[in-house]
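For reference, the structure discussed in these notes is given below.
The values are calculated or read from the model by the stated rules, or taken from the named source; none is laboratory data. The shown structure was predicted, so the numbers you read here are calculated from the model rather than taken from an experiment. Glycine gets a Cβ as well: all are built from the backbone with ideal geometry, and neighbour counts include every protein chain shown. The accessibility values were calculated without ligands, DNA or RNA, using every heavy atom of the protein model including side chains. Shrake-Rupley method; radii C 1.70, N 1.55, O 1.52, S 1.80 Å.
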Amino acid sequence: MSNQTQHRPEATQTASKKPVLPRDLEDEIRRLRKEMNAVILAHYYQDDDIQDIADFIGDSLDLSRRAAETDADVIVFCGVKFMAEVAKILSPQKTVLLPDMKAGCSLEDSCPPEAFRKFRAAHPDHIALSYINCSAEIKALSDIIVTSSCAEKILQQIPEDQPIIFAPDKYLGDYLNRKTGRDMLLWDGTCVVHEQFSERELVKLKTRHPEARIIAHPECPEPLLNHAEHIGSTSSLIRFVSGNNPSEFIVLTEPGIIHQMKKLAPESVFYDVPGTSDGACASCNVCPYMKLNTMEKLYQCMVNRAPEITMTEALRLAALKPLEKMLAMSA
Ligand code: 13P
Ligand code: SF4
């Protein structure tokens, strides 16, 4: 990517007067959760303190399932916007809050609905399989949604001669094509975090720690995945680490995940891989969108019951169809 900072979001502007925060934020969040009958869902890329206070932590598929099943009145979603939208689509009667509405995703940004509509129209014989990392509008234009943990299983259920468009992550699509022998037509989108891992830094790390086992998220480009012993969703990477003997692991995904890995495999050692090593973007391995959420914003969104995810019922129903297919085909 030519301009490494182009996807970096700005935090939502706070009001000129700083809010007064309680001294014990965690106790207050717990109190509010009870008072509101809320459930706090968090993705593995959230800050450690957010993961620690959440009722449930998971990958995109786990979080979708949990959002569909919960009997809470309010879902406080500590993740990015497309994940909170999925919660709203699956649980429309619930209030869904996102601590920072600017917590987007570079994959979502890469796929504007009008361009995608035209792309689909140009390939009328193709069905559209879309990665969950996209807007509700793209979901509404898609036939089936997948996550990295269920994409292969879903692909196995689609006839081999059926042409498929895969959007928006070209690296995940490329990985799935290699893994399944398909020839899906790929949308040209990337994750700003996973595309910037440095192979040079990875090789340096492996040279310094030759016993370390390399594990990777399939949003990484092929040259990085070629080094990995295990490739999978965030939940799959955590299962791999906790299901193996204590070891050293080089982790090719957002380093927020290491918090749970350390809890589940306390005797193992984990190395995260830097982003670009030329100094242009020292912390490019950190998702700038996920990290917009903080404990302070989590508390404030519960106090204000905002920002809240809303959408028209027509959009929700259109986006629900391919999501329901995902849930049924991945069961
Ligand atoms: P998972 O579904 O593997 O948690 O991935 C979500 C994501 O955004 C990875 O960048
Ligand atoms: Fe999107 Fe990448 Fe952040 Fe995941 S890590 S939310 S794919 S920008």
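Assign one of three labels to region 22-65, namely rounded, prolate or oblate, based on the Cα gyration tensor with a ≥ b ≥ c the square roots of its eigenvalues; rounded applies when a/c is under 1.5, prolate when it is not and a/b is larger than b/c, and oblate otherwise.
It is oblate, given that a/c is not under 1.5 and a/b is not larger than b/c.
Can you tell me the mean projection area, over all orientations, of the convex hull of the chain's alpha carbons? Units nm², please.
17.7 nm²
Summing -39500 (n - 2.57) over the DSSP H runs of n ≥ 4 in the chain and dividing by its residue number, what mean residue ellipticity at 222 nm do you reach, to the nearest 500 deg cm²/dmol?
-11000 deg cm²/dmol
Given a 1.4 angstrom probe, I'd like the percentage of the accessible area of region 237-322 that is carbon and sulfur, rounded to a whole number.
The computed percentage sits at 54.
In whole Hz, with x marking every Gly and Pro, tabulate ³J(HN,Hα) for region 153-164 from phi via Karplus 6.51 cos²θ - 1.76 cosθ + 1.60, θ = phi - 60°.
Each residue of region 153-164 in turn: 4, 5, 4, 4, 8, 9, x, 4, 8, 7, x, 10 Hz.
Given axes a ≥ b ≥ c from the Cα gyration tensor, I'd like to know whether region 101-186 is rounded (a/c under 1.5), prolate (a/b larger than b/c) or oblate.
Because a/c hits 1.5 or more and a/b fails to exceed b/c, region 101-186 counts as oblate.
Mind giving me the nanometre distance, one decimal, between the label points for His123 and Asn304, set 7 Å out from Cα along Cα→Cβ?
4.1 nm
Using only Cα atoms, what is the ratio of the radius of gyration of region 37-179 to 2.2 N^0.38 Å?
That works out to 1.10 for region 37-179.
Amide H neighbours of Val96 under 5 Å, counting only residues 5+ apart in sequence or on other chains, H built in-plane at 1.01 Å?
Amide H to amide H, under 5 Å and 5 or more residues apart or across chains, Val96 pairs with Ile75, Ile309.
Assuming 0.36 nm per residue, please report the length gained on full extension of the stretch Leu185 to Ala331 beyond their Cα-Cα distance.
50.0 nm is the gain from fully extending Leu185 to Ala331.
Leaving out ligands and nucleic acids, and using a 1.4 Å probe, what accessible area per residue does region 15-95 come to in Å²?
Value for region 15-95: 46 Å² per residue.
Computing the accessible area with a 1.4 Å probe over protein heavy atoms, can you report the carbon and sulfur percentage for region 125-166?
The nonpolar share, carbon plus sulfur, comes to 43 percent.
With the full set of protein chains in place, find how many percent of the accessible area of region 66-108 is carbon and sulfur; take the probe as 1.4 Å.
C and S atoms contribute 39 percent here.
With a 1.4 Å probe and all protein chains kept in place, how much accessible area does Val76 have, in Å² rounded to the nearest 10?
Rounded to the nearest 10, the figure is 0 Å².
So what's the gap between the Cα centers of region 291-331 and region 234-273, to the nearest angstrom?
A separation of 28 Å, based on Cα centres.
Could you please report the charge total around Asp71, scoring K, R as +1 and D, E as -1 over all other residues with beta-carbon less than 13 angstrom from its beta-carbon?
The answer is -1.
By the gyration tensor of its Cα atoms, with a ≥ b ≥ c the square roots of the eigenvalues, what is the shape of region 71-119: rounded for a/c under 1.5, prolate for a/b over b/c, or oblate?
oblate
Read phi for every residue in region 296-311 and hand back ³J(HN,Hα) as whole Hz from Karplus 6.51 cos²θ - 1.76 cosθ + 1.60, θ = phi - 60°, with x for Gly and Pro.
5, 6, 4, 4, 4, 5, 6, 5, 8, 6, 6, x, 10, 7, 9, 6
How large is log10 I(q)/I(0) at q = 0.11, 0.13, 0.16, 0.19 Å⁻¹ when the Debye formula is applied to the Cα atoms of region 205-331, each weighted equally and without solvent?
Values returned for q = 0.11, 0.13, 0.16, 0.19 Å⁻¹ are -0.58, -0.77, -0.98, -1.11.
Report the full-extension gain for the segment Glu160 to Leu21: residue separation times 0.36 nm, less the Cα-Cα distance, to one decimal in nm.
44.4 nm
Which distance in nm do the two modelled labels at Glu152 and Ala314 give, with both placed 7 Å along the Cα-to-Cβ direction?
4.1 nm
For region 156-261, state which GluC sites (Glu not before Pro) are in a DSSP loop and have at most 10 other beta carbons lying within 10 Å of their beta carbon.
In loop regions of region 156-261 (DSSP not H, G, I, E or B), the sparsely surrounded GluC sites (Glu not before Pro) are Glu160, Glu211.
Please give the length that would be gained between Glu296 and Ser283 if that part of the chain were fully extended, namely 0.36 nm times their separation in residues minus their C-alpha to C-alpha distance (nm, one decimal).
So the chain would gain 2.5 nm between Glu296 and Ser283.
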